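Participant: Could you have a look at this structure, given as structure tokens, before my questions?
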Amino acid sequence: MTLISKYACAIFVFAVVASALPLDRPKAEPATYKVGSIEIAQPWARATPKGASSGAAYMTVTNTGTAPDRMTCVSSNGSAQCAVHTMSMEGGVMKMRPVEGGLEIAPGVSVTLKPSGLHMMLVDLKHPLEAGQTVEATLKFEHAGTIEVNYPILPLGAPAPGAGASGGGNIMQGGGMMQMSPQH
């Protein structure tokens, strides 16, 4: 065998062995975004089961300015529509409603969008949200401007980033029902 053949063979063996190793790389921390006086931290979305027509994305939005601002979702690459929603329990029924006119972020205040509370609803999904992928959304702030945010998709039932193992699922127990109010 020539030296070149031995070298090529060694590279081939290395490539085969390397491709069989698990890729347990540390997960990157979610990006932080800034537009005007608005900061967006820990954006994330939860994976959806096959056949789901809607999904949700979450984040913490902070207004570092001196005047209130208002956030709306303009578009998403993963859904036909997106909007900020609120969730409440009424008589044992989970009800979701759009936040009319967008979500106000008061000056000096952080608002966390999280499961079982305020969230960004992704309606008429174009495809399932798959763990390990990302979904993008364009957010518009009345004063700060527009920004595109990437939401890493976590597995179904995963806890929110930084919530620890017990901060997660929020899966309805006991056959609870969910009702979405129509958007106007």
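The values are calculated or read from the model by the stated rules, or taken from the named source; none is laboratory data. Just so we're clear, the structure is a prediction, and the values are computed from it rather than from any experiment. Note that each Cβ is placed from the backbone with ideal geometry, even for glycine, and that neighbours are counted across all protein chains shown.
Participant: Quick one: in the range 130-149, which of the residues that are of a type in the set (A, V, I, L, M) and in a loop (DSSP other than H, G, I, E, B) is nearest to MET71 (Cα to Cα)?
Facilitator: ALA144
Per-residue answers, yes or no, for (1) surrounded by 21 or more Cβ atoms within 10 Å (Cβ to Cβ); (2) among the hydrophobic types (A, V, I, L, M, F, W, C); (3) free of Cβ contacts under 8 Å to residues at least 60 places away in the same chain; (4) in a strand (DSSP E or B):
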{"residue": "VAL61", "(1), (2), (3), (4)": "yes, yes, yes, yes"}
{"residue": "ARG70", "(1), (2), (3), (4)": "no, no, no, yes"}
{"residue": "CYS82", "(1), (2), (3), (4)": "yes, yes, yes, yes"}
{"residue": "THR86", "(1), (2), (3), (4)": "no, no, yes, yes"}
{"residue": "THR112", "(1), (2), (3), (4)": "no, no, yes, yes"}
{"residue": "SER116", "(1), (2), (3), (4)": "no, no, yes, no"}
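Participant: Could you go through the range 13-27 and let me know if any residue there is polar (S, T, N, Q), in a strand (DSSP E or B) and at pLDDT below 95.
Facilitator: no
Participant: Among the residues of the range 88-110, count how many are outside any strand (DSSP E or B) and of a type outside the set (D, E, K, R).
Facilitator: Total meeting the criteria: 9.
Participant: Ok, one more. Hey, can you tell me all the residues within the range 35-59 that are part of a strand (DSSP E or B) and either over 15 Å from the mean Cα position of the chain (by Cα) or closer than 22 Å to GLY101 by Cα (or both)?
Facilitator: Within the range 35-59, VAL35, ILE38, GLU39, ILE40, PRO43, SER54, GLY55, ALA56, ALA57, TYR58, MET59 meet the criteria.
Participant: Going by the structure shown, is PRO161 surrounded by 14 or more Cβ atoms within 10 Å (Cβ to Cβ) and either under 22 Å from ILE40 (Cβ atoms) or modelled with pLDDT under 95 (or both)?
Facilitator: yes
Participant: Hey, another quick one. For the range 115-126, check the following and say yes or no: at least one residue is within 12 Å of the chain's Cα centre (by Cα) and modelled with pLDDT under 95.
Facilitator: Yes, the range 115-126 contains at least one residue that is within 12 Å of the chain's Cα centre (by Cα) and modelled with pLDDT under 95.
Participant: Can you tell which of ALA131, ALA137 is touching a Cys at 6+ places or on another chain (Cβ under 7 Å), modelled with pLDDT of 95 or more and closer than 23 Å to ALA47 by Cβ?
Facilitator: Just one listed residue meets the conditions, ALA137.
Participant: Mind checking which residues of the range 118-129 are surrounded by 14 or more Cβ atoms within 10 Å (Cβ to Cβ), in contact with a strand residue (DSSP E or B) (Cβ under 7 Å, 6 or more places away or on another chain) and outside any strand (DSSP E or B)?
Facilitator: If the condition is that a residue be surrounded by 14 or more Cβ atoms within 10 Å (Cβ to Cβ), in contact with a strand residue (DSSP E or B) (Cβ under 7 Å, 6 or more places away or on another chain) and outside any strand (DSSP E or B), then LEU118, LEU129 are the ones that fit.
Participant: Consider GLU90 against the criteria (1) modelled with pLDDT of 95 or more; (2) of a type outside the set (Lys, Arg); (3) surrounded by fewer than 17 Cβ atoms within 10 Å (Cβ to Cβ): it satisfies all of them except one. Which criterion is unmet?
Facilitator: With (1) modelled with pLDDT of 95 or more; (2) of a type outside the set (Lys, Arg); (3) surrounded by fewer than 17 Cβ atoms within 10 Å (Cβ to Cβ) applied to GLU90, the lone miss is (1).
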